[in-house]
Amino acid sequence: MTQPTALDIPSEVQQLLKRYVKETTALLGSQLEGILLYGSAVGGEFLPGRSNLNLLLMLSGYEREGMKRYAKAHKRWSREQFVVPLLATEAELMRPGTVFPLEYLEIQEQHRVLWGRDPFIGMHIDRTHLAYQVQQGIQGNLVRLRQRYIEGGGTEEAMTMLLPLSLTALLPCLRGLQRIAGQPALFQSDALLAGIRTMTGLDLAGLTDVLELKRGIISPGPVEVPRLFERYAENLDALIALIRPDGTVAPR
């Protein structure tokens, strides 16, 4: 079921989106069928100056010249917190056995159409590979976290920067766990973490503390940051172990 999509973002960001829509429709022409906004900008958790703007461009096809025009323009938009958009045709979204069910379910359940038509109305997204993608997403998150810890020299500054980024990427996977378990996916972060704790019986204090770090509520010192890093990594390990080989969730 589609979640409410209040566009609770600053007026200057809304104006920026209007300019983006105007330019992108001109660049892509008739191959563009829709522009959809998703993520924190429609979920009520947008943090100005920190959060990215996530978009899905619905296309009729991948005409090379149009793609080249957009690629040049995106270099400029990337400086305004626009990440590279997802590109998809309706046929790709509806393809049986899609290997990206998590992303498409996330967008289907919470998005705002900025221009064009909404392809998700009445659409069925194949969930065959959902459990695999969720488990792979959490495992990959933990692997990248440790790699970037090494790249950052193992400093407290690096950990303080890496942990919120890791949590942002983790939240869709947690909603994926809820979907696998047959529960409604919760998009408000506090409610989501509480729901996962109730569902699994796990102590997710590491995730909760990183959420507060991301919001600027806490500012752990040099002694506490490494401990927080370890608690968070242990939480990810515990979450990975929840998914059974048959794709179901095993509560603790």
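The values are calculated or read from the model by the stated rules, or taken from the named source; none is laboratory data. Only a predicted model underlies this, so the values are computations on that prediction, with no experimental measurement involved. A quick note on method: Cβ atoms are made from the backbone with ideal geometry, for glycine too, and the neighbour counts reach across all protein chains shown.
Counting the residues of region 146-188 that are within 19 Å of the chain's Cα centre (by Cα) and either farther than 20 Å from Asn235 by Cα or assigned by TED's automatic domain parsing to the domain that holds Leu105 (or both) gives 2.
Of all the listed residues (Arg64, Arg79, Arg69), the sole one being out of contact with any Cys (no Cβ under 6 Å at 6 or more places or on another chain) and closer than 30 Å to Ser189 by Cα is Arg79. Taken over region 233-252, the criterion of being surrounded by 14 or more Cβ atoms within 10 Å (Cβ to Cβ), assigned to a loop (DSSP other than H, G, I, E, B) and of a type outside the set (A, V, I, L, M, F, W, C) is satisfied by Gly247 alone. Can you work out which of the residues in region 70-98 that are in contact (Cβ under 8 Å) with a residue 12 or more places away in the chain and either polar (S, T, N, Q) or not assigned by TED's automatic domain parsing to the domain that holds Asn52 (or both) is farthest from Ile121 (Cα to Cα)? This residue is Gln81. In region 151-179, the residues that are closer than 17 Å to Ser219 by Cβ and of a type outside the set (A, V, I, L, M) reach residues that are at pLDDT below 95 and part of a loop (DSSP other than H, G, I, E, B) with C-beta atoms within less than 6 angstrom, at least six apart or across chains, in these pairs: Glu156/Pro222.
Only residues that are in contact with a strand residue (DSSP E or B) (Cβ under 6 Å, 6 or more places away or on another chain) and under 12 Å from Arg112 (Cα atoms) were counted across region 23-40, and they come to 6.
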